[in-house]
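The structure appears below as structure tokens.
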Amino acid sequence: MQYALYYYDMCPFCQRVLRALPNVNVEVEKRNVLKDQQHRKYQQKETGRTTVPCLLIKDDNGEENWMFESADIINYLKSL
């Protein structure tokens, strides 16, 4: 499984998730949508939204699932 967090620095909900990352047992790639427009464009293409934070969950077969809402993301990552 691969995980990528779509975020930007000034978003308080993103900061909530970023503060929780050191306490999870998986590696999460951080993708800042304001510093790299390609990340923002990809998220919008795949989800129809640019809302952050957003967690991309990619399984070993390449299937992608997207999760929004900071509390849901934190709870999911802590459950792994």
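Laid out as a table, the results:
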item: Residue among Val52, Leu80, Val26 farthest towards the positive dipole end of the chain, charges placed on Cβ; result: Val52
item: Charge dipole (debye, nearest 20) of the chain; +1 at Cβ of Lys and Arg, -1 at Cβ of Asp and Glu; result: 380 debye
item: Approximate spin-label separation Asn61-Asp36, in nm, with each point projected 7 Å along Cα-to-Cβ; result: 2.7 nm
item: Kirkwood hydrodynamic radius of the chain, from inverse mean 1/r over distinct Cα pairs, in Å; result: 12.5 Å
item: Listed pairs Lys41/Lys78; Lys45/Lys78; Lys58/Lys78 exceeding 22 Å between Cα atoms; result: Lys41/Lys78; Lys45/Lys78
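Values quoted throughout were computed directly from the atomic coordinates according to the rules given, and no laboratory measurement underlies them. Given the structure is predicted, the values throughout are model-derived calculations rather than measurements. Cβ coordinates were reconstructed from backbone atoms using ideal geometry, including for glycine residues, and neighbour counts include every protein chain displayed.
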